[in-house]
Each structure stands twice: as C-alpha cells, then as structure tokens.
1. Run lengths n ≥ 4 of DSSP H only: what is the helix-derived mean residue ellipticity at 222 nm for the chain, with -39500 (n - 2.57) per run over all residues, to the nearest 500?
2. Mind telling me which of Lys295, Lys146, Lys90 comes out most flexible in a GNM of the chain, alpha-carbon contacts under 10 Å?
3. Please report the antiparallel percentage of DSSP beta bridges with both residues in the range 106-232, rounded to the nearest 5.
4. Report, as a whole number in µm² per second, the diffusion coefficient that Stokes-Einstein gives for the range 255-301 at 25 °C and 0.890 mPa s using the Kirkwood radius over alpha carbon pairs.
5. Quick one: which of Lys90/Lys210; Lys225/Lys337; Lys91/Lys189; Lys17/Lys189; Lys179/Lys248; Lys210/Lys295 span more than 32 angstrom between C-alpha atoms?
6. Find the centroid of the Cα atoms in the range 284-302 and in the range 219-256, then give the distance between the two in whole Å.
7. Restricting to bridges with both residues inside the chain, how much of the DSSP beta-bridge set is antiparallel, in percent to the nearest 5?
8. Less than 14 Å Cβ to Cβ from Thr139, Lys/Arg counted +1 and Asp/Glu -1: what total charge do the surrounding residues give?
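The values are calculated or read from the model by the stated rules, or taken from the named source; none is laboratory data. The structure presented is a predicted model; accordingly, all values stated were derived computationally and were not measured. Methodologically, a virtual Cβ is constructed for each residue, glycine included, from the backbone with ideal geometry; neighbour enumeration extends over all protein chains shown. Ligands, DNA and RNA are stripped out before the accessible areas are found, and what is left, the full protein with its side chains, is counted by its heavy atoms. Shrake-Rupley method; radii C 1.70, N 1.55, O 1.52, S 1.80 Å.
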Amino acid sequence: MSNKDQLAEVIASELNKQFKSHKVAYFLDGVDQTPTDVTDWISTGSTILDLAVSNKPDGGLAAGRITEINGLEGSGKSLIGAHALAATQKKGGLAVYIDTESAVSSEFLQAIGIDTENMLYVHLETVEEIFDTIETIVTKIRESDKDKLVTILVDSLAAASTKVEMDADFDKDGWATAKAIVISKAMRKITQLIARQKVCLIFTNQLRQKLGVMFGDPWTTSGGKALPFHSSTRIRLKNVGQIKDTKKNTIGIKIRAQVIKNRLGPPLRSADFSLYFDKGIDDFGSWLEVLKGHKLIKQAGAWYTLEDQDGKEHKFQSKDFSSLMADEDTQKYIYDKICSASILKYDSGKLGIDDVTTSDEFADE
C-alpha cells in the first residue's frame, strides 16, 4: 500500500469516529459504498426515456435521488409520475401519491397498471405539509424496512400554497418569495435524508415564461431555484402533436421528453413517445422509431424488415410491431440493439492539449 493510501486510511478512521452517522467510504468497483451509489431504478413507462436518463440497460429514475418533471399544461407530467408509481409496485415497493391539484383519476391510474387499493394517496395543500409528510415517510422507513423501495410523487409543486399564503386574502401582497424560502430550506434537509434510502422522490412542476427574453431558454419553473439545484434529474416534456383515429378523433398526443439536467448520465438527451388517453404510453412504438433512426431496421414504403437473433427476417407494418414483440427472445434481442445504439460509452482517456480549441481572447499573449 502506498503512503497516500495509508494517509487516506488514517483520515477515514478519524472521520468515522467523528461522524458516526455519516461514514467515510471508498468508490469500489461493484460494491455500493457511498450515498451516491444508485441501488435501484424506477421505470418512467418509456424505455427510451429510461435509457436517456440512466444511460444503462433497465434504468430509469434513480432511487435515493430527486427528479423534477416539468412542462406546460397537457404535456404528460402526471402521467410519467404515475407510470413510475406503477413500476414501483411491480417491484414490490410502496407507491405514494401526494396530490395538491385535486385532479386524480383512479380509473386512469388503474388503466396504466397502478394498484390503487395499495397506493398511499395523500391530499395536501401547502409545501410545509408536503415536506413534513416526506420526512415522516422516510423516518418510518428507517424504523421498519430500510430495503423497502418507495416512490413518492408530488403532483404538483406549483399548485401547492404556503401557510402564510393560505392565511392571507386575495390581494397582491408584495414579492411572493415565501414559497421559494420554504422550499430552499426543505431541500437542504430532504436531499441528504433520502440519499441513504431507497426512496425515489419525484416532483412535477409547471413552466413559467420569462418576460422580455429574446435569446436563450424562455422558460422557468415556479418555487425558486432550490428544486432545480437539488434535483439530480430534470425532465422537460413537450406536446409535439396529436394522434387521431380514422374518424379524425384525437385519441392521444406525441410527447418529446428532454433531459435538461442529469447527474446520472449524459444530459440534453431526448426521447419521443406516444401517449394514448385510454392506455398510457405506447412503449413499443418508440422502439420502432429508434430502430428506424439508427438504421437498425430496413424500410420499404409502409413495410419493415427485421432480422432476428436467429438470422430470420420478419416483414411487418408498424401496426404489427407489438405482435412481433410478444416473443420474449426477439424482444430482448431488439432491446439489446437499442441499448448498444443509445448508450453513451465514456472515454476514460485524458483530454490532450491538441483536443482543446481556444478562442483568440483567451490565447496566450
């Protein structure tokens, strides 16, 4: 062992004595040692979005982290959160729905696979109540079952008021900073509280337009900057089109999800998928689009040709793709191809001086 390693051991031993509840750990391959290690992943209902967030197979939203899902009205924010609750229950976990909008449809939740009888539904009004509830849930987890997977969906943070605001009248009362102050204080506590637990904390939030912005991002979210800062992942949803049936009735929408912040994988990646009003996300439909985009499938007009794992060619139309996915071996084969094409491989080599481009204003004089 080198002198540096010996010194690290001495420091680690002393810090572990000093901070008994927060142990010093090392990053070891294949061993979960630190609070930054993600031990479980929750699917968003879209495989392509899961890959865009986690940059690994069978990924999604991280347990022990905070995720913000924002967008304009009707962009599918609540839907993504609901799919995460359904995925949690499929893993034997506890789904908690904190509702501030009073706009939950139990029929739709059941349609996308949520067991509403075993889902914990909490109706709250203020941000103070929201964070008190989250703290109570995490505390009870520590006391009973630390390995229990829990997903908490707060829908939505923008609709939540504050105790001060609830006691006031409807007149304008100066700068509305009380909510941002409360959220900022709560985030400093909650972030470390859930980091050591298998708790996936999801906030949906609404977009607000910045006035007078001509360049750059014209959108912001309500509640101050604390949630964007403390979130490990921020996903922005956009409605990019309608889906109509043969009678020209709108039966769904097309959604584009962009990962605008990501500390779990590469940021600024996007995923497109379809949302049907009667059944939720059409996951396999987005698979076909990725196969076409990466030229992993041959196309001739309305017909596609796919070569499976056995070298056999399958000719089909887009409406028949779900039937092709019924075969588990074929589904896994296609999923592996999508992962190989979508996952970014990190370059462990060092960046050389020749790889850096320097502008004239920073050049050596």
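1. Value at 222 nm, helices only, nearest 500: -10000 deg cm²/dmol.
2. Lys295
3. Working: 3 of 9 bridges.
In the range 106-232, DSSP labels about 35 percent of beta bridges as antiparallel.
4. Values: Rh = 12.4 Å.
Value of D from the Cα-based Kirkwood radius: 197 µm²/s.
5. On the way: Lys90/Lys210 40 Å; Lys225/Lys337 39 Å; Lys91/Lys189 27 Å; Lys17/Lys189 23 Å; Lys179/Lys248 44 Å; Lys210/Lys295 39 Å.
Pairs exceeding 32 Å: Lys90/Lys210; Lys225/Lys337; Lys179/Lys248; Lys210/Lys295.
6. First find each Cα centre; the distance between them is then 24 Å.
7. On the way: 34 of 61 bridges.
Antiparallel: roughly 55 percent of the beta bridges in the chain.
8. Working: positive: Lys140, Arg142, Lys146, Lys148, Lys189, Arg196; negative: Asp132, Glu135, Glu143, Asp145.
Net of charged neighbours comes to +2.
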